[in-house]
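S.K.: Can you keep this structure in mind? I'll have questions shortly.
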Amino acid sequence: MTSQWRKGSIELVPGYSLTDADNHRVDRAEHVDFAIEGGYVSIRLPGVPCTQLVSAPAVRLITCES
């Protein structure tokens, strides 16, 4: 299965976080690449060399730019 990557912003529910390029925990990130796969969202934050994965229930809001 090939992931369909999109660009947008992600907001997580309280208790969940992503790690940004400065190694800080954030619960909202903009201008990210994301792909929804089953019950998970793969997220690539700008300046972060790895893909981060959260479960779909951890996501409060996804806003798609493209």
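S.K.: Name every residue in segment 9-20 that is in a strand (DSSP E or B) and closer than 16 Å to Ala56 by Cα, in order of residue number. Spell out the reasoning first.
M.R.: Taking segment 9-20 and keeping what is in a strand (DSSP E or B), we get 9-12, 18-19.
Ser9, Ile10, Glu11, Leu12, Leu18 - these are the residues of segment 9-20 that are in a strand (DSSP E or B) and closer than 16 Å to Ala56 by Cα.
S.K.: Which of the numbered conditions does Gly8 fail, given that it passes all the others? Conditions: (1) open to solvent by 90 Å² or more (accessible area, probe 1.4 Å); (2) in contact with a Ser or Thr (Cβ under 6 Å, 6 or more places away or on another chain).
M.R.: (1)
S.K.: Would you please list the contacts, defined by Cβ atoms under 7 Å and residues six or more apart or on different chains, that run from a residue in segment 30-59 that is closer than 16 Å to Gln4 by Cβ and basic (Lys, Arg) to a residue that is in a strand (DSSP E or B) and open to solvent by less than 40 Å² (accessible area, probe 1.4 Å)?
M.R.: Arg44/Val32
S.K.: Right, something else. What about Val32, is it surrounded by 15 or more Cβ atoms within 10 Å (Cβ to Cβ) and assigned to a strand (DSSP E or B)?
M.R.: Yes: the conditions hold for Val32.
S.K.: Return yes when Glu11 is modelled with pLDDT under 95 and of a type in the set (D, E, K, R) and no when it is not.
M.R.: Details: modelled with pLDDT under 95: no; of a type in the set (D, E, K, R): yes.
Considered against the rule, which asks whether it is modelled with pLDDT under 95 and of a type in the set (D, E, K, R), Glu11 comes out as no.
S.K.: Take segment 43-66 and flag every residue that is surrounded by 10 or more Cβ atoms within 10 Å (Cβ to Cβ) and either over 13 Å from Glu11 (Cα atoms) or basic (Lys, Arg) (or both).
M.R.: Scanning segment 43-66 gives Arg44, Pro46, Val48, Thr51, Gln52, Leu53, Arg60, Glu65.
S.K.: I would also like to ask the following. Among the residues of segment 34-50, is there at least one that is of a type in the set (Lys, Arg) and within 8 Å of the chain's Cα centre (by Cα)?
M.R.: Applying the first criterion (of a type in the set (Lys, Arg)) to segment 34-50 yields 44.
Filter once more, keeping what is within 8 Å of the chain's Cα centre (by Cα): 44.
Within segment 34-50 (the criterion being of a type in the set (Lys, Arg) and within 8 Å of the chain's Cα centre (by Cα)), the answer is yes, since at least one residue qualifies.
The values are calculated or read from the model by the stated rules, or taken from the named source; none is laboratory data. In this text, all values refer to a predicted model and were calculated from it rather than measured experimentally. We place every Cβ from the backbone using ideal geometry, glycine too, and count neighbours over all the protein chains shown. Quick note on the areas: whole protein, heavy atoms, side chains included, nothing else; ligands and nucleic acids left out. Shrake-Rupley method; radii C 1.70, N 1.55, O 1.52, S 1.80 Å.
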